[in-house]
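Written out below as structure tokens is the structure these notes cover.
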């Protein structure tokens, strides 16, 4: 099986979403993150969404991109080999109920690496005025697949966030109940059957259903907000990580959050999420904290 680099440049036009309180509160509730900022609708400014909520409107354009690549020759079997490998989101502002968002996607890179053909997509979410809300660059790997054509790297990739770990981390243990993936699926509105249907998961080469990578990442972000921001989610400006080991259900994850390091735009907080076997499900995690732009 081969993946052609001629796919680079493929786009998915704007998909629109109306965000309401039900959706944003459900997302935070699926994580067990009950920060008042996400739930207290009596405040003068209302509520905001969890910093990683941007993955919710991003999912439909990712699904649409799979349909487009199928039309361009990527087979269903090849699609099933694709895994979410890295995630890097810049948060221009937190999503709020009442937002009408438009999300678009462009495939901006495709090249061969040792595990397979690596694709890079850039996902843009803007509000009704066209003002940026979130920008995500993420890599997927078609495992054991070969790319054909001249390699096309992502030349506009953001500079990576690198934060040296120092001092002792705070450890937060999070129980993951048997139905956590089903709950996250419905609350995030991110449906992929490997997370809810054992038959599909096993057919895809997994031992059972597993928790979404973005759910693992969101638990890490929740811990950073709780431990390093004085519970101010609006300080989260950027989130980056790599995905690695799987989280099975039910189980327990451990989030480790290190002390912040100074950065020209604020502070960098390293973190990781370990599965029940002590393997990193989210590795090289970094959150950039800083005052939001006025």
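None of the figures in this text is laboratory data; all of them are computed from the coordinates on show. Bear in mind the structure is a predicted one, so any value in this text is a computation, not a measurement. No Cβ is skipped: glycine too gets one built from the backbone with ideal geometry, and neighbour counts run over all protein chains shown.
What to note about this one:
- Cα centroid separation - the stretch 164-191 against the stretch 1-37, whole Å: 17 Å
- Per-peptide packing, taken as the mean over residues of other Cβ atoms within 10 Å, places 103-110, 256-263 in the sequence 103-110, 256-263 from highest down.
- Sorted peptide list for 41-49, 188-196, criterion being average Cβ within 10 angstrom, highest first: 188-196, 41-49
- The simple spin-label model puts a point 7 Å past each Cα toward its Cβ; for residue 277 and residue 186 those points are separated by 3.0 nm.
- Kirkwood-based Rg to Rh ratio, the chain, C-alpha trace: 0.95
- Here r is the Cβ-Cβ distance between residue 173 and residue 208 and R0 is 25 Å; the resulting FRET efficiency, rounded to 0.05, is 0.70.
- Förster radius 41 Å - calculated FRET efficiency between residue 148 and residue 20, Cβ distance, rounded to 0.05: 0.40
- From helices alone, the chain scores -6500 deg cm²/dmol at 222 nm; the rule is -39500 (n - 2.57) for each run of n ≥ 4 DSSP H residues, then divide by the residue total.
- Between helix 213-228 and the chain: long-axis angle, C-alpha atoms, 0 to 90°, nearest 10: 30 degrees
- Full-extension gain in nm, residue 261 to residue 128, via 0.36 nm per residue minus C-alpha separation: 44.3 nm
- Relative to the longest principal axis of the Cα atoms of the chain, helix 55-71 runs at roughly 0 degrees.
- Global geometry of the stretch 152-207, whether rounded, prolate or oblate, following the gyration tensor of its Cα atoms and the 1.5 cut on a/c: oblate
- Peptides 234-243, 2-11, ordered by how many other C-beta atoms sit within 10 Å of their residues on average, highest first, read 234-243, 2-11.
- Take the Cβ atoms of residue 34 and residue 2, set R0 to 45 Å, and the FRET efficiency comes out at 0.40.
- Annotation for residue 45 and residue 67: the two label points, set 7 Å from Cα along the Cα-Cβ direction, are 3.7 nm apart.
- Rounded to 10°, Cα long-axis angle of helix 21-30 versus longest principal axis of the chain: 80 degrees
- If you wrap the tightest convex hull around every Cα atom of the stretch 1-158 and split its volume per residue, you get 119 Å³.
- Cα gyration tensor shape of the stretch 161-294, rounded if a/c is under 1.5, else prolate or oblate by comparing a/b with b/c: prolate
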